[in-house]
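Below: the structure, in structure tokens.
The values are calculated or read from the model by the stated rules, or taken from the named source; none is laboratory data. Just so it is clear, the structure is predicted and the values come from calculations on it, not from any experiment. Here Cβ is always computed from backbone atoms with ideal geometry, including for glycine, and neighbour counts include all displayed protein chains.
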Amino acid sequence: MNLTLDQYINGFERTARELPELLGRWESIDHELREEYAEQLAWLLESRSEVHALAERASRGVEIAMRTALATAAIFSMRAALAQAMNLPSEAIVDVAVPAAPASGEDISCASDADVSCRAMAA
Amino acid sequence: MVKPAAKLRALADSSTEPLAPFSAAELRKHIASEQCADESRPLAEWQAVGPDFVGRYHPSRPTEALSLTTELTSAEWHAVKHTGQGEWIEGTTTEEYLADIRASVLHASSVLDVGREANGRRPMRSGVRTELAAARTVLKKTAVIPDGHMFTVYDPERRRILTGFPLHATRALAKVSKWTNHRSFQ
């Protein structure tokens, strides 16, 4: 990735903020742009693990993990609309590997997909 | 005499349409010779979903930094996006991005895919999958990923190259396998 952590996380947060409005007028958006948006969202989600690793090395692990968790939770709340508009499965939103917790870290268990915010926050 | 773009449209529309009188290589050569989509949009519209590209270099005017109001053609946008994502090396220009796509489409190892996308409007598509490892000697700026393919997408109705980017071979195959009337030709 040739982007900075800030370019990634600011874009991820902006995406979470703007998606409700975009989904509200999805059918009126040009086909090429809709494909772009679907691909870009998939890329943001797929890149979380790489970004978390980069953030750890930049001593910003906790901050970036918290911010991606909040944005992920917001996006997860739109999962039904995203599945319909972009064919995006819920698994693509919640499936994120995170760095191992420190030995002294608190064990946070999540029971189901509905606990996505909890699971992501555990990062 | 049928023309290459008309043949690609016919192939997208029918799973029984013969490739003849063309070879797959001839149709790939036609795709490589076509222009990219030239619609221009401000960066703010292109990146409404996705990371923030503000402040990165303009791929056609590298001394200029991008702002939300910078107008980018489709080719410029894809150069910005794929370079930012690390699929092309930092500093790649629009011309270099397109040159790598055209070179991969022409490479002898490439596979031509035809069909219609499996979504509501089902636009016609031609795709070209090229093994990055096989084509690495002709690719100047593309980041070669293990088991990667360059996947180039062409719209035979508009006669425009839409995009090209590297991705894992299985994912490239998964994309085209979803197309209606999908067939592959080598």
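Please state which one of B:68, B:72 is surrounded by 20 or more Cβ atoms within 10 Å (Cβ to Cβ), over 24 Å from residue B:145 (Cβ atoms), more than 16 Å from the chain's Cα centre (by Cα) and at pLDDT 95 or above. Show your work before the answer.
Working: B:68 fails: surrounded by 20 or more Cβ atoms within 10 Å (Cβ to Cβ).
Among B:68, B:72, only B:72 is surrounded by 20 or more Cβ atoms within 10 Å (Cβ to Cβ), over 24 Å from residue B:145 (Cβ atoms), more than 16 Å from the chain's Cα centre (by Cα) and at pLDDT 95 or above.
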Filter segment B:160-174 down to the residues that are crowded, with 18+ Cβ neighbours inside 10 Å and among the charged types (D, E, K, R) and list them by number. B:160
Could you say which residue among B:138, B:80 is outside the structural domain of residue B:25 (by TED's automatic domain parsing), farther than 26 Å from residue B:177 by Cα and among the aliphatic types (A, V, I, L, M)? B:80
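Table: residues versus (1) acidic (Asp, Glu); (2) farther than 26 Å from residue B:144 by Cβ.
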| position | (1), (2) |
| --- | --- |
| B:32 | no, no |
| B:64 | yes, yes |
| B:80 | no, no |
| B:84 | no, no |
| B:100 | yes, no |
| B:105 | no, no |
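Filter segment B:119-136 for residues that are within 16 Å of residue B:174 (Cα to Cα) and within 14 Å of chain A (Cβ to nearest Cβ); which is nearest to the chain's Cα centre (by Cα)?
So in segment B:119-136, the residues within 16 Å of residue B:174 (Cα to Cα) come out as B:119, B:125-131.
Next cut, within 14 Å of chain A (Cβ to nearest Cβ) only: B:119, B:125, B:127.
Working: B:119: 19, B:125: 11, B:127: 7 Å.
Only one residue fits best here, namely B:127.
For every residue, the table says whether it meets (1) surrounded by 18 or more Cβ atoms within 10 Å (Cβ to Cβ); (2) more than 9 Å from chain A (Cβ to nearest Cβ); (3) touching a His at 6+ places or on another chain (Cβ under 9 Å).
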residue: B:86; (1), (2), (3): no, no, no
residue: B:97; (1), (2), (3): yes, yes, yes
residue: B:100; (1), (2), (3): yes, yes, no
residue: B:114; (1), (2), (3): yes, yes, yes
residue: B:117; (1), (2), (3): yes, no, no
Would you check if there is a residue in segment B:109-119 being assigned by TED's automatic domain parsing to the domain that holds residue B:177 and over 25 Å from residue B:22 (Cα atoms)? yes
Within segment B:33-48, take every residue that is crowded, with 20+ Cβ neighbours inside 10 Å and assigned to a helix (DSSP H, G or I) and give me the one that is farthest from the other protein chains (Cβ to nearest Cβ). B:43
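Would you be able to say whether some residue in segment A:105-120 is away from chain B (no Cβ under 11 Å) and at pLDDT 85 or above?
No, that holds for no residue.
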Sole exception among (1) within 24 Å of residue A:88 (Cα to Cα); (2) part of a strand (DSSP E or B) for residue B:183, by number: (1)
Conditions (1) more than 12 Å from chain A (Cβ to nearest Cβ); (2) in a loop (DSSP other than H, G, I, E, B): number failed by residue B:53: (1)
Of the residues B:49, B:80, B:54, B:114, which is of a type in the set (Val, Ile, Thr) and within 19 Å of residue B:149 (Cβ to Cβ)? B:114
Quick test for you: out of B:93, B:130, pick the one residue that is buried (at least 22 other Cβ atoms within 10 Å of the Cβ), without any contact (Cβ under 8 Å) to a residue 40 or more places away in the chain and not aliphatic (A, V, I, L, M). B:130
With the requirement that a residue be closer than 21 Å to residue B:88 by Cα and surrounded by fewer than 22 Cβ atoms within 10 Å (Cβ to Cβ), what does segment B:149-159 give you? B:153
Filter segment A:29-66 for residues that are surrounded by fewer than 19 Cβ atoms within 10 Å (Cβ to Cβ) and away from chain B (no Cβ under 13 Å) and give the result. A:49, A:53, A:56, A:57, A:58, A:59, A:60, A:61, A:62, A:63, A:66
